[in-house]
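Just below is one structure, and these are the notes that go with it.
Please treat every number below as a calculation from the coordinates, not as lab data. Owing to the predicted nature of the structure, the values given are computational and were not obtained by experimental measurement. All Cβ positions, glycine included, derive from the backbone under ideal geometry; neighbour counts span all protein chains shown.
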Amino acid sequence: MNKQRFIVTIAVTLLLVSFFTVSSIVPRYSASNYFKSDDFKSRASEEIEQLKNSFLPVVDEEEVADALFITDDQINEHRYFYGDLDAQIGSIRAQYEEDLQSKEVTKERKKELTDERDAKIDDIRKNFEDDDHIRQKLIENQAVRYVSAVEALREEANGASSDTFVYELVSEEGELTKGSVQNDALYEKKFTKDAPLLIELPTTVYDELGEIQVTPTWTKKQIVRYVGTVQLPKEAAQPDTVWGSMQMDHRANQITGVLFLAIGLTAILFLVTLSRRHTFFLEDFRGNGLLSKWPVDGLAGIVFLSSVFLFTMNEDMYRYPVASMIQGILMKDYNRTLHFISNVTSSLFVVAVTFAVVYVWLRSIVLLYDRVKRRPDWEALWNETWASRFVTGCQRAFLKRSIGVQMFILLIGFFLAGIGFVIAFMEPFLFVLYAAAVLFLGLPALYVFVRRFGYLNEVFLATEAMAEGQNMNIPIKGKSPIAEHAHHLNHLQQGVERAMNDRAKSERLKTELITNVSHDLRTPLTSIITYTDLLKQPNLSEEDRAHYVDVIERKSERLKVLIEDLFEVSKMASGNMELHRSYLDMTQLVQQVLAERQDEIERAPQEVIVHLPEERLLAHIDGERMWRVIDNLLSNALKYSLEGTRIYIDLREEEGTLHFEVRNISREPMHWRNVDELFERFKRGDASRQTEGSGLGLAIAQSIVEMHDGTMVIDVDGDLFKVSIALPSNA
């Protein structure tokens with residue numbers, strides 16, 4: 001930035017800051033003094049409203065009781081607040097049952113408790129039999145609350161109203177006087193018989209228990225009419241008073257407005273003088289740079305955004321520190337001057353940002369003007385814009401119309417799906433409709449698009465393989481433009497098929513060596529490799545071949561389970577596991593797991609004894625994850641239990657907690673000194689590691705239980721092995 005451009009930018013910045021500051025000062029501080037301003041008139045009206053509340057008449061509860069307005073909704077709310085009749089009576093009986101059954105309570109005390117209980121039950125029965133019974137209780141309660149609320153309003157008004165106002169008011173109820181009314185007060189409000197000061201009790205008041213309503217007819221009868229005068233005396237404008245401080249603030253802002261007006265006029269004079277010497281806008285703000293490379297619509301966007309910033313900025317950032325300093329000087333309060341110094345840093349930062357925005361704004365205006373002037377051909381100017389490039393890109397996307405339409409539908413679909421999700425999240429009732437739309441419209445459409453894109457990727461990969469000389473025949477699926485492209489590629493492939501076949505033979509993929517894996521990964525993988533080599537032997541019998549294939553299949557499945565468990569543990573460790581909770585019956589969930597493994601249980605050499613409650617035990621859980629926990633524990637018990645022993649499975653609820661236990665006699669010696677080690681990853685119950693398993697089951701189960709705010713404990717007593725799970729109950 002050259003010197004001339006810098007000076008012009010500063011002048012324009014000062015002009016804009018002065019303009020906005022003066023524009024904000026003139027409407028608020030144009031009055032000759034604060035006591036003639038609209039701000040003061042509004043404040044004085046608020047003070048009088050506070051005075052009206054401080055004059056509220058004193059009422060007694062009997063008067064209020066006759067005026068209370070009790071609705072049927074209030075009666076029903078009181079009646080069913082603690083449940084229906086049976087629930088309330090049962091609750092009362094339960095409250096007294098323990099004391100009445102206690103041997104430590106005397107007979108006299110039991111009689112008192114019985115009478116007290118029966119009285120409460122009788123009162124509850126009357127609540128359900130007679131509306132007037134409830135209405136009378138509500139009237140007695142709300143009358144006390146209304147009187148207290150009015151008293152609170154009166155006390156609040158007495159504490160909040162200014163003590164600088166004086167008044168002389170007279171009514172039929174008596175006279176209210178504070179101070180002495182003067183002839184030359186700063187502010188005066190007169191109340192006459194035709195326009196009296198009306199003191200009226202509120203028809204609705206609020207307390208911590210809710211709202212209380214009285215009939216408007218009764219409040220109209222309680223109106224008190226005062227005539228007289230309310231004034232703010234001259235003494236209230238002393239510098240050390242609140243009103244005097246506001247007067248000083250008014251004067252300080254007027255001086256601030258004059259100061260900024262002078263700065264703005266000086267900036268205008270400077271710019272006018274400079275413009276007569278040369279066309280500074282066209283000369284000083286031209287040149288190379290990042291903005292000079294932007295198209296017309298980009299420059300127009302910069303001008304628009306800069307204008308929005310400049311014309312909506314907070315002018316108080318410039319006005320307040322200066323006005324505060326001037327007020328401190330007028331009041332000889334140098335703390336305000338120090339306050340100005342503490343605020344000047346932030347103000348200077350705002351000025352610096354404004355300066356930068358003004359510079360970009362001026363430069364963008366000049367470059368935009370030059371660009372439009374240099375290109376009188378509007379078509380050529382349009383072709384340079386970002387909008388034109390976007391339109392051209394859209395046209396190219398529709399060269400194959402079906403592809404363009406699919407892309408457009410997909411984008412619109414995702415956009416509407418996002419909006420629908422937000423709306424459904426805000427309104428749970430609509431979530432059902434949203435879920436149905438996703439299930440029957442979104443998912444089928446997504447499946448079609450995913451399949452098309454998968455086919456497109458398949459064509460891309462095949463084309464890449466062809467380019468490398470591989471023999472690749474692309475399947476023709478449907479009649480889409482992608483299928484047509486695949487057909488053309490297959491025609492090209494026919495000319496080089498022989499060469500591709502030769503290269504394919506010499507370019508086969510080789511086996512990737514897996515290193516640095518644990519014993520549990522190497523064992524099934526080694527078995528797979530070994531039995532694969534055996535299958536390559538000549539003169540292999542069909543019986544041996546089937547046996548080898550069966551072994552490979554079992555080892556592959558074991559390796560798959562282990563890898564899936566590794567991914568599961570990795571997600572849990574990184575916190576990426578999400579639970580999809582719902583209220584499920586744990587009894588039914590355990591029964592489902594047992595049914596899934598019924599064949600295995602019948603073949604097992606152990607006897608499985610199940611104790612499940614007949615009633616439903618609800619829990620807020622992720623059914624799929626909790627099913628895995630229960631299935632894992634049952635699988636471990638069947639796998640590691642001693643033959644001929646029993647496996648016990650128990651489910652019960654105690655004090656709001658669900659307890660699920662699996663107990664069995666271990667086939668292997670329980671040599672663990674610290675059973676918590678079984679929760680560690682890759683720990684196995686058999687030291688020889690002869691049984692199948694990943695060693696991750698208990699670690700995954702414990703993580704899932706803890707994510708459900710539950711606990712999982714292992715107890716070992718000799719060879720007795722017990723796993724206990726405790727979950728919060730939602731019954």
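Points worth noting:
- Inter-site label distance for Ser45 and Ile10 at 7 Å from Cα along Cβ, in nm: 4.7
- Coarse-grained scattering of segment 519-561 at q = 0.14, 0.17, 0.33 Å⁻¹, given as base-10 log I(q)/I(0) from a Debye sum over alpha-carbon atoms: -0.31, -0.44, -1.11
- Percentage, to the nearest whole number, of Cα pairs in segment 122-205 over 20 Å apart: 60
- Scalar couplings 3J(HN,Hα) for segment 585-594, obtained by applying the Karplus form with A = 6.51, B = -1.76, C = 1.60 to θ = phi - 60°, are 8, 5, 4, 5, 5, 5, 4, 5, 5, 4 Hz; x denotes Gly and Pro.
- Looking at segment 42-128, the chymotrypsin sites (Phe, Trp or Tyr not before Pro) that sit in a DSSP loop and have at most 10 other Cβ atoms within 10 Å of their own Cβ are Phe81.
- At R0 = 41 Å, FRET efficiency that the Cβ-Cβ distance of Val716 and Arg545 yields, to 0.05: 0.35
- The modelled label-to-label distance between Ser582 and Phe414, using points 7 Å beyond Cα along the C-beta direction, is 2.9 nm.
- Efficiency of FRET between Val450 and Glu553 - r from beta-carbon atoms, R0 22 angstrom, step 0.05: 0.15
- In angstrom, the C-alpha Rg and Dmax of segment 64-148 are 16.2, 51.
- Label-point gap, in nm, between Ala352 and Ser275 - each point 7 angstrom along Cα→Cβ: 3.1
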